[in-house]
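Below is one structure, written out as structure tokens; the observations come after it.
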Amino acid sequence: MTLAREERRVRPAGSRCGVTVAKRRGSGVRMSLDEPKPAPTPPPAVAAVAALVTLAALAIGLTLPDVDLRLGLGHRSALTHSLLPALLPLAWRGRAAACGIAGGIGVHLAADCFPRRMTGYATVKLPLHGALPPLESYAWLALNAAAALLLAAWWARRLHAPAARAFVGLAALAAALHYLWHDPGGWPVLALAGGVAFAAVRARGSALLRRGCEEEEQER
């Protein structure tokens, strides 16, 4: 006598993989997870266009904050020296443009964190409020620079395939180095970034060395 079997497929909300639930009389419940389907890769032409749009937007973002002078907003207006301009392309679903603009603005604001003196011309100006004090201006620039760079990295990881992401990353790094090299506030940023990179590589090497020693001890 065969056991009656009843199967039904359940797909939880927000899940990519289906769950097969099999009910057997007298045998309990068995569940198995299907393999998730890989995310579709865009055609090469689409990926190339997205990479070029990101790089073009990056070049624009490097100098975009200083458009405040042409708009009559005063130097270092909070409207342009913030993450706000990078979010505007999202209104037209321009994620590739937003990614590049965010990266460029992040580099620009990082350099602005190191003026000769954070007074008057160098301070951040809020609409209907006026200039922020030096300490608050430092905080505004640093927080917006960090947010813009992190958002650019997050978007690049989601938008571009690994090969295109590597190309965009190298080109963006070259553009950022060129901008920081010629900006008076760029030298401290380069020194800080170099120190962080050195510390990260050293910590990574120490972790790999420690892991290798542990594996050798386990083999003995």
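What follows draws every value from the coordinates through simple rules; no lab data is involved. Small disclaimer: the values here were computed from a predicted structure and weren't measured. Heads up, the Cβs are rebuilt from the backbone with ideal geometry, glycines too, and the neighbour counts pull from every protein chain shown.
A few comments on the model shown:
- Unit charges on C-beta of K, R, D, E only; dipole of region 124-211, Debye: 560 debye
- Cα gyration tensor, region 82-169 - rounded (a/c under 1.5), prolate or oblate: prolate
- Length added when fully stretched, residue 218-residue 170, from 0.36 nm per residue minus Cα-Cα: 13.3 nm
- Contour excess over end-to-end distance, with Cα ends at residue 182 and residue 71 and 0.36 nm allotted per residue: 37.5 nm
- Backbone amide hydrogens, once placed in the peptide plane, bring residue 77 within less than 5 Å of 125, excluding anything fewer than 5 places away on its chain.
- On the basis of the beta-carbon distance and an R0 of 22 Å, residue 193 and residue 63 show a calculated FRET efficiency of 0.65.
- At R0 = 22 Å, FRET efficiency that the Cβ-Cβ distance of residue 158 and residue 92 yields, to 0.05: 0.80
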